[in-house]
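> Quick one: the structure is below, and I'll ask about it shortly.
Just so you know, all these numbers are worked out from the coordinates, no wet-lab data involved. All figures in this text were calculated on a predicted structure; none of them were measured in a lab. Cβ: placed from backbone, ideal geometry, glycine included. Neighbour counts: every protein chain shown.
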Amino acid sequence: MMVRYFILTVRALTSWPVFLTLMSMLVIRFQRVGRRNDPAFRIVVTEKRSKPKSGEREILGSHRPYTKTTILKEERILYWLSKGAKASGTVHNLLIAKGVIKGKKIPLVKVKKTAGGTATVAPPQAPAAPENK
């Protein structure tokens, strides 16, 4: 009886890290690394609930919005997607634009609900031009 309990305890302890690895949600997202007023982003694989500046599992590329340069490790991105990692909305749209994956882009505009229950998309507001008197 005591031996059986010991074996079950050892099995539970050896399978515990495997259980934690299977239950963690992975996401491919941007991590900001640029200077002030000069944004640059890494494309990283990290856990869903981790902090933005915390450690990442792997760096998959980089993106600089001002110069429009993007470097992607396509094989590794496809590998992580096949393992179950989800891409964030912005990264998903970037991967479609660069031809890494196929599909439809995800609309990232906030949906505004009205009182009647219908949803309308809020158009982007243009800044008002200053009036010269």
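> For LYS105, LYS86, which order do you get if you count the other beta carbons within 10 Å of each Cβ and list the fewest first? Intermediate values should be presented prior to the final figure.
Numbers: LYS105 12, LYS86 15.
Least crowded to most crowded, the residues run LYS105, LYS86.
> Simple spin-label model, 7 Å along Cα-to-Cβ: SER54 to ARG35 in nm?
Spacing of the two 7 Å Cα→Cβ label points: 3.0 nm.
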